[in-house]
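The values are calculated or read from the model by the stated rules, or taken from the named source; none is laboratory data. Predicted, not measured: the structure shown is a model, and the values here were computed from it. Every residue, glycine as well, gets a Cβ built from its backbone with ideal geometry; the counts of neighbours run over all protein chains shown. Note: accessible area is taken over every heavy atom of the protein model, side chains too, but ligands, DNA and RNA are not part of it. Shrake-Rupley method; radii C 1.70, N 1.55, O 1.52, S 1.80 Å.
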Amino acid sequence: VRLALFDNYRLGLVSGDEIADVTEAVPAHDPHWPWPFMPRVIAEFDALRPAIERAAARAQPRPLSQVRLLPPIPQPGKIVAAAANYHMHHQEMGGGTLQGEVFLKAPSSLVGQGGVVRLPNLPDRKLEHEVELAVVVGREARNLSEASAMSCVFGYTGLMDLTVRGVGDRSRRKSYDGFTPMGPWIVTADEVPDPHNLRLRLWNSGELRQDGNTSDLVDSIPVLLAYASSVMTLQPGDILATGTPAGVGPLQGGDTLVIDIERIGRLEVSVLAADPGAPVAEPNRLRAAAT
Ligand code: MN
């Protein structure tokens with residue numbers, strides 16, 4: 001199934017171009033404190049699924065165009081992301097030793113379908129887009145083996161890992177507000193029989209910039225999950241971004257970014273130029289050293 005969050009943190013089941021409100025199937029929905037809601041839906045999904053499907057059958061579906069989709073997990077505990085995890089992208093970034101490394105992006109950088117990304121005020125810095133398949137963790141997991149790692153996968157969604165290139169800490173360069181568009185919804189793992197054979201594309205203002213396939217991943221999803229869970233306990237609702245294929249390119253105000261991932265869906269955001277009056281969001285000493 002396809003699970004979405006929409007409007008005032010309602011839970012929706014998406015079918016075709018329509019969405020059915022199934023919020024009533026989950027007890028204790030609280031729109032005033034919505035953050036734990038989706039992790040709970042995910043953790044308890046097997047038990048909740050019959051009630052969710054009954055609610056969907058009773059609901060009057062609405063066209064997707066009439067609702068506002070939110071990031072399907074608005075505040076995951078963490079966003080773990082793979083660095084340089086497609087062979088051709090590794091080459092375009094200069095090659096060298098593949099580290100097989102992961103880093104963290106701030107959950108506060110998320111925006112959803114139709115969202116707006118206001119660029120930070122960083123004169124002279126190169127800002128770029130990356131399209132990525134994101135894995136949604138379904139249960140608590142620590143020290144997963146590669147053989148068992150896929151058992152912790154709840155589903156998949158689309159993600160853009162927006163990035164400031166160059167010097168400085170990677171987690172900071174990828175964590176500006178708006179730098180992680182995610183969605184449009186979660187597709188449960190049963191609908192994605194082979195996540196290692198999905199075409200993923202990104203267009204900037206109508207021009208195709210990235211066109212790859214998850215078959216080109218350097219480290220597969222179970223390898224990434226095993227490694228990440230050896231460092232930090234994974235929790236329901238955590239996100240693993242699996243890296244980007246070749247074709248990363250520049251961002252500027254006025255751009256429209258669209259990604260499409262096979263079996264997952266299409267996610268679009270618009271990019272606004274930086275406010276020149278905003279503080280320069282970078283360490284002073286780093287800027288001084290760069291000039
Ligand atoms: Mn990335």
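The residue of the stretch 152-175 that is most open to solvent (accessible area, probe 1.4 Å), among those that are touching a residue at least 40 places away in the same chain (Cβ under 8 Å) and out of contact with any strand residue (DSSP E or B) (no Cβ under 7 Å at 6 or more places or on another chain), is VAL167.
When each of VAL280, VAL231, VAL248, VAL223 is tested for being in contact (Cβ under 8 Å) with a residue 24 or more places away in the chain, in contact with a His (Cβ under 7 Å, 6 or more places away or on another chain) and either within 16 Å of the ligand (Cβ to nearest atom) or open to solvent by 20 Å² or more (accessible area, probe 1.4 Å) (or both), the lone residue that passes is VAL248. If you scan the stretch 159-183, which residues turn out to be more than 15 Å from the ligand (Cβ to nearest atom) and at pLDDT 95 or above? Within the stretch 159-183, ASP177, GLY178, GLY183 qualify.
When the residues of the stretch 49-84 are filtered to those that are touching a residue at least 60 places away in the same chain (Cβ under 8 Å), surrounded by 16 or more Cβ atoms within 10 Å (Cβ to Cβ) and not hydrophobic (A, V, I, L, M, F, W, C), the one that is nearest to GLY95 (Cα to Cα) is LYS78.
The residue of the stretch 85-109 that is most open to solvent (accessible area, probe 1.4 Å), among those that are under 21 Å from PRO279 (Cα atoms) and part of a helix (DSSP H, G or I), is SER108.
Only one residue in ILE259, ILE186 is surrounded by 18 or more Cβ atoms within 10 Å (Cβ to Cβ), under 13 Å from GLU132 (Cα atoms) and either modelled with pLDDT of 95 or more or within 16 Å of the ligand (Cβ to nearest atom) (or both). Which one?
Numbers: ILE186 fails: under 13 Å from GLU132 (Cα atoms).
Among ILE259, ILE186, only ILE259 is surrounded by 18 or more Cβ atoms within 10 Å (Cβ to Cβ), under 13 Å from GLU132 (Cα atoms) and either modelled with pLDDT of 95 or more or within 16 Å of the ligand (Cβ to nearest atom) (or both).
Restricting attention to the stretch 89-108, which residues are in contact with a Pro (Cβ under 7 Å, 6 or more places away or on another chain) and either away from the ligand (no atom under 14 Å from the Cβ) or on the phi > 0 side of the Ramachandran plot (or both)? Spell out the reasoning first.
In the first step, residues of the stretch 89-108 are kept if they are in contact with a Pro (Cβ under 7 Å, 6 or more places away or on another chain); the result is 89, 107.
Scanning the stretch 89-108 gives a single hit, PRO107.
Of the residues making up the stretch 203-220, those that are open to solvent by 30 Å² or more (accessible area, probe 1.4 Å) and not in a strand (DSSP E or B) are SER205, GLY206, SER215, ASP216, VAL218, ASP219, SER220. Counting just the residues of the stretch 110-141 that are closer than 25 Å to LEU198 by Cα and outside any strand (DSSP E or B), which one comes out farthest from the ligand (Cβ to nearest atom)? The residue in question is ARG139.
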